1. Cα centroid distance between region 61-78 and region 173-204, in Å?
2. Could you state the angle between the C-alpha long axis of helix 206-216 and the longest principal axis of the C-alpha atoms of the chain, as a value from 0 to 90 degrees rounded to the nearest 10?
3. Do the sum for the chain: with -39,500 (n - 2.57) for every DSSP H run of n ≥ 4, divided by all residues, what is the mean residue ellipticity at 222 nm, to the nearest 500 deg cm²/dmol?
4. Tell me the angle of helix 225-241 to the major Cα principal axis of the chain, expressed in degrees between 0 and 90 and rounded to the nearest ten.
5. Structure shown: which of 122/265; 45/268; 45/86; 158/268 lie over 27 Å apart, alpha-carbon to alpha-carbon?
6. Just the number please: accessible area per residue for the chain, 1.4 Å probe, all protein chains included, in Å².
7. So how strong a dipole does region 17-157 carry about its Cα centre when Lys and Arg Cβ are +1 and Asp and Glu Cβ are -1, to the nearest 20 debye?
8. With a Förster radius of 22 Å, plug the Cβ-Cβ distance of residue 193 and residue 122 into 1/(1 + (r/R0)^6) and report the FRET value to the nearest 0.05.
Amino acid sequence: MKRTAYFISDGTGITAEALGNSLLAQFSDINFDKVTLPYIDSVQKARETVDQINQRALSEGAKPLVFDTIVNEEIRTILAGCEGLKIDVFSTFLKPIENELGIQSSFSVGKSHSIVEMERYKERIDSVNFALDNDDGARTRLYDQADIILVGVSRCGKTPTCLYMAMQFGIRAANYPLTEEDLDNHGLPECLNKHRDKIYGLTIDAFQLAAIRHERRPNSRYASLDQCDQEVRHVERIFRQEKLPFINTTTFSIEEISTRILADKGLKRRLD
C-alpha cells in the first residue's frame, strides 16, 4: 500500500518533517511517498501547493496526508481547501495548551517563528565545525574541548553520528577510528586514555560493515568479511575490557544512536 505525505512550512520544514515522520513511522505497512515543500510564504505559493496536492489526490484516488506548520492565517486558509487530510501541527497541539494555561501562544497572536535565535545558530555552527575539525582522529589535542568522543572501527557510523549530534543538539563531538595497530595493542591509544570519561564506543555487525566498506573499496582486504569480523571482535573486546559504554549501530538510525548516547552519558541539548 502506498500513500503520499506532504510536509509544508513557511520555513525550512524541519518541524513538520520531524513530527510528521514520527507519526507516519507508526504505520510501517504503508509505503509513504514523502514530499517536503519549504518556504510556502505567499498566497501564490499556497495556491500552487493546493493545485499540486489536488492533482496528486486525483491521480492516486486517495487523499494525501498534509502536515503543515504555517503561521500566516491567509495561507493556512488556502491550504485548508486542498483535497488532502490536513494536519495543522501548531493549532492541533497549541490550542489545548492555550486552554489549559489560559493564555494565547505567540503563534496565535501572529508572531512569526524562527528555527533558531542567533546565539543558538552560532552554537550549532561551532559544534558542526568542531565535529568536522575533529573527524577521524584528526586533531586529538582538542579533545579536552569535546563533550563526547566516539570510538570504533572505520565505517561504523562515527562521523554521521557526530554531525547529527552537532546539528540537532549543539554537542561538540569528536571521533577516533581504532586502527589495526590500535587493536593489536589490545587497549586504548594513549591519546584517548586521559579522556576516557568522554568516550563512547560504536560497533556494528561484521556483515553490514563489510557491505559498507565494499562500497568504498570493493574487493579489498579492508572490505573482506574476515577482516571486518576480526576488527569488530577486537574492538568489542577492548570496550568490555576497558569498561566503556558502547552501542551496536547495525539496526539503529542515527537519530536513535545519538539519543541513546546522550542519555547514557547524561549530556543535555545545548540548543534549547
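1. Comparing the Cα centres of region 61-78 and region 173-204, I get a distance of 49 Å.
2. With both axes taken from Cα atoms, the answer is about 80 degrees.
3. -14500 deg cm²/dmol
4. The answer is roughly 80 degrees.
5. 45/268
6. Per residue, the chain has an accessible area of 55 Å².
7. So the dipole magnitude of region 17-157 works out to roughly 120 debye.
8. So, using R0 = 22 Å, E works out to roughly 0.10.
The values are calculated or read from the model by the stated rules, or taken from the named source; none is laboratory data. Predicted, not measured: the structure shown is a model, and the values here were computed from it. Don't worry about glycine lacking a Cβ; one is built from the backbone with ideal geometry, like all the others, and counts go over all protein chains shown. Please note that ligands, DNA and RNA were not included when accessible areas were found on the heavy atoms of the full protein model with its side chains. Shrake-Rupley method; radii C 1.70, N 1.55, O 1.52, S 1.80 Å.
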